[in-house]
Every structure is written in C-alpha cells, then in structure tokens.
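Asker: Sending over a structure as structure tokens; questions will come in a sec.
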Amino acid sequence: MNSAFIGLLTANKGTVINVSSALAFVPVPSSPIYSASKAAIHSYTQSLRFQLEDTGVDVIELMPPGVKTDMTTEMAEGGITVITTDELVKQSFASLEAGALEIRPGQAKQLAFMRRLAPNFINRQLWNASKKLVPVGVA
C-alpha cells in the first residue's frame, strides 16, 4: 500500500501510521502468531521510517497495550491489564501532538521497558498470566 502511494505521500509530506502492539516487544505465549505479526509490523515500520527520512514523510507507530474489547475479554479475565478505547484514543492523540514517532499508551511503555531491563522475567509473567488461555494439550 505504501509503495502504491509513495508519490502522493512524498509530494504532500504525508504521514503513515502503522498499528502494531505492545506485543511487538513482549510476546504473549498464548498468542504466538498474533505476537509475531506485531513484531513484524514494528520491524517494517522502523525500516520504512529510515527509507523515508529524507522525504518529509513521517512514519509513526501506534503500539497499544491490551484494549478492552470483545476480543480481549478472556485476557482481562486472565489477569492481563487492558485499557478502554477512550483512554487509548486520549493517550494516542496526546503523543501525536507531542510529536512522538512511537506511541506507547498505557502499559505498552512499561512492557517495552521491562523487555530491555528483565526480558526473562516479563516473558515469564506474561506466560503465567496467559497460560490458562492456551487450549489443553498445547501447553
């Protein structure tokens, strides 16, 4: 999609906003493919940002934590912290207005930090919190 619109983006000094997740930094073992796809989006966004740095195109990444939706009901029941969509929007717009290229609302900032500080600890914590979400016989 970006390649198809690159001429329009550069001519207008546009902005690309990719949405990944806090799981780009710390995978939830109960959702390995979902977590890996978010890590791939993070890597792609970083690369695209470098490729477009001299064009005037901003490349921003939104990395929300768990957000309270129908999809995350089981996560919240499993003890994983989630935020409301209203809080996500509020924090995201504040970061956009501040000029952030990586927007990490809510717990996403702490997860990214913990991944650097104590990766084994945070991975174990997420595994323990999500273990009961894994179908029997898989874990």
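Asker: Tell me which residues come under 5 Å, amide H to amide H, from GLU102 once H is placed; ignore anything under 5 positions away on its chain.
Answerer: GLU61
Asker: Need the full-extension length gain, PHE93 to ALA4, defined as separation in residues times 0.36 nm minus the C-alpha distance. One decimal, nm.
Answerer: 29.3 nm
Asker: Let me ask something else about it. Extension gain MET71-ILE33, at 0.36 nm per residue separation less the Cα-Cα distance, in nm?
Answerer: 12.1 nm
Asker: Kindly provide the pair-distance distribution of segment 26-134 built from C-alpha pairs, with 10 Å bins from 0 and whole-percent values in order of increasing distance.
Answerer: Spelled out bin by bin, segment 26-134 gives 14, 40, 34, 10, 1 percent.
Asker: What ³J(HN,Hα) values, in whole Hz, does the Karplus curve 6.51 cos²θ - 1.76 cosθ + 1.60 give for segment 111-128 when θ = phi - 60°, with x put for Gly and Pro?
Answerer: Running phi through 6.51 cos²θ - 1.76 cosθ + 1.60 with θ = phi - 60° gives 5, 4, 5, 5, 4, 7, 7, 8, x, 5, 4, 5, 5, 5, 4, 5, 5, 4 Hz.
Asker: So, one more: Using r as the Cβ-Cβ distance of GLN125 and ILE17, and R0 as 25 Å, what FRET efficiency do you calculate, to the nearest 0.05?
Answerer: E between GLN125 and ILE17, to the nearest 0.05, is 0.30.
Asker: Over segment 25-120, calculate the relative contact order: mean separation of alpha carbon pairs under 8 Å at least 6 apart, over the residue count, as a percent.
Answerer: Here the relative contact order equals 29 percent.
Asker: By how many nm would the segment from PHE113 to VAL134 lengthen if fully extended, with 0.36 nm per residue of separation less the alpha-carbon distance?
Answerer: Fully extending the segment from PHE113 to VAL134 adds 5.0 nm.
Asker: Also, quick follow-up: Would you please give the residues with an amide H less than 5 Å from that of VAL16, counting only those at least 5 places away or on a separate chain, with H modeled from the backbone geometry?
Answerer: Residues meeting the amide H criterion: ASP58, VAL59, ILE60.
Asker: Then there's this: Return the calculated 222 nm mean residue ellipticity for the chain, to the nearest 500 deg cm²/dmol, obtained by summing -39500 (n - 2.57) across DSSP H runs with n ≥ 4 and dividing by the residue count.
Answerer: Numbers: 6 runs with 70 residues, N = 139.
So the helix-based figure for the chain works out to -15500 deg cm²/dmol.
Asker: Please turn the phi angles of segment 14-24 into ³J(HN,Hα) values with the Karplus equation 6.51 cos²θ - 1.76 cosθ + 1.60 (θ = phi - 60°), one per residue in order, whole Hz, x for glycine and proline.
Answerer: Per residue, the Karplus-derived 3J(HN,Hα) values read x, 9, 10, 10, 9, 10, 10, 5, 4, 6, 5 Hz.
Asker: If you don't mind, another one. Using θ = phi - 60° and the Karplus relation 6.51 cos²θ - 1.76 cosθ + 1.60, list the HN-Hα couplings for segment 85-90 in order, rounded to whole Hz, with x at every Gly or Pro.
Answerer: Ordered by residue, 3J(HN,Hα) equals 5, 4, 5, 4, 5, 4 Hz.
Here, each number is a calculation from the coordinates, and none is a lab measurement. Everything numeric here is computed off the predicted structure, so don't read it as measured data. Neighbour counts run over all protein chains shown; Cβ positions are idealised from the backbone, glycine included.
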